[in-house]
1. Quick one: compute the contact order of the chain, relative version, from alpha carbon pairs under 8 angstrom and 6+ residues apart, as a percent.
2. Give the long-range amide H neighbours of Tyr188: residues separated by 5 or more places, or on another chain, with amide H under 5 Å away, using H modelled in the peptide plane at 1.01 Å from N.
3. So in the chain, what percent of DSSP beta bridges are antiparallel if you round to the nearest 5?
4. Write out the GluC sites (Glu not before Pro) in the range 351-402 meeting two conditions: DSSP loop, and at most 15 other Cβ atoms within 10 Å of their Cβ.
5. Pop the C-beta distance of Glu403 and His428 into the FRET formula with R0 = 25 Å and round what comes out to the nearest 0.05.
6. Please list the radius of gyration and Dmax for the chain, considering alpha-carbon atoms only, with Å as the unit.
7. Starting from the Cα of Gln417, step 7 Å along the direction of its Cβ; do the same at Glu106; then give the gap between the two resulting points in nm.
8. Hey, which of these cross-link pairs are over 25 Å Cα-Cα: Lys80/Lys281; Lys37/Lys354; Lys37/Lys325; Lys250/Lys408; Lys354/Lys393?
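What follows is calculated from the coordinates using simple rules that are stated; it is not laboratory data. These numbers come from a predicted model, not from an experiment. Here the Cβ positions follow ideal geometry from the backbone for every residue, glycine too, while neighbour counts run over all protein chains shown.
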Amino acid sequence: IKEVNVVGGGLAGVEATYQLVKEGIPVHLYEMRPVKKTDVHKTSDFAELVCSNSLRADGLKNAVGVLKQEMTMNDSLIIKMARDHAVPAGGSLAVDREGFSHAVTEFIENHPLVTVHREEVTKIPEGPTIIASGPLTSDALAKEIMNLMGNQDYFYFYDAAAPIVTKESIDFNKAFYKSRYDKGDGEYINCPMTKEEFDAFYDALINAEVVKPHDFEEKFFEGCMPFEEIARRGKQTLLFGPMKPVGLEKDGQRFEAVVQLRQDNAVGSLYNIVGFQTHLKWGEQDRIIHMIPGLENASIVRYGIMHRNCYFNSPTYLNPTYQFKNREDLFFAGQMTGVEGYVESAQSGIVAGKNMVRYLKGEELLVYPRETVMGSLAYYITHASPSDFQPMKANFGILPDLEGKVKKKEKKEKYAQRALEKMEEFIHG
Ligand code: FAD
């Protein structure tokens, strides 16, 4: 029997390991903590949750809830352990973080087919390998991955992202389409503000709580100023910068300030808020974004983030099976492939693990159906525009449209129902 190397004992690496050992395949799991620490992890446990203890929404009205259900259908270790260690959190699945990662660690360390190596991997191993070293991949391995990709530009150190909202949640009684000075550089959605609205927004913004930056973040901030830091330099900095109203008059009316939203390159159903790269806490982003006229009920599918985030250009280098295009026995999983979030990272580990099993058995690899959230994430990261590829969370906006006319309020339910039916067929069909 062939053995498999898994690099990284995070959410994705653990799932991949589990899928392999379940099929009787021995795994060498390499995890550098505690020998070498990351800037964010605090323990040496596997599957440590680096920030929030929430695996987000749990109902089927939300894509990440559907995703968890799909993962359970695919025998996810992470979701099972999370449910075993759940704490009350309304409609979300939140966990007792210590209990959760202790349980995962115990399971992995005691599994007879897993050999744990507590060491930093500095070269991409020979032989069947899954790399899941995460957004904080150590520098030495990051360099190796860059070399493998043949171009320094293709392993991104991504430090800023503006929030993304769904188009259908924008109130077009207030928002309107227009490019600045009507110059044809694409259709923007504009959310105009009166003086009173802008003043209230500004006050809320400069008083909002930010995530405490880590040392490594400070380095990165120089080149990319968060929105709230620009605001702190004074109202005019915003009004002459990201919220500039000139050229965006409507029917001759000039506004005090305008927030612009740009279509997210790959998918027309999602819009990002221009210039709003931020390190505000997610709850504060909720509050501030919902103060913007037209975005009062906006559904935020990705929050603004500012931290080191290694991910590579999956549209160029990865198949939807998570197999590297230029080396058959090499798979990648986790945040570094461009999926974003705990749950999203874990699910990619399931797919990479299952496909490594099939690769070793000489079977056809699995491409999950696009109608499923797992399939749509794999599709997104391998088919988005390579020139502007950015990480993506689970959301219904990346699933194919529903057939026929469906009432707006029934859409989520229908997406969920279709996804779970397709997954059922895929697994048992
Ligand atoms: P990880 O869970 O980070 O696992 C990778 C593992 O590889 C680590 O254990 C690391 O020590 C190890 N490793 C790295 N390099 C090497 C090497 N050379 N050799 C051996 N081992 C190595 N997502 C959310 O859903 N909610 C949040 O609140 C959230 N907050 C985040 C905050 C920060 C600061 C960051 C960076 C990310 C956050 N994310 C969050 C995004 C993402 O979900 C997590 O980063 C998630 O842990 C990614 O899973 P992963 O398996 O890809 O990587």
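1. 21
2. Lys178, Ser179
3. The antiparallel fraction comes to roughly 65 percent.
4. Glu363, Glu364
5. After rounding to 0.05, the efficiency reads 0.65.
6. 22.0, 74
7. According to this spin-label approximation, the distance is 4.2 nm.
8. The pairs that break the limit, which is 25 Å between Cα atoms, are Lys80/Lys281; Lys37/Lys354; Lys37/Lys325; Lys250/Lys408.
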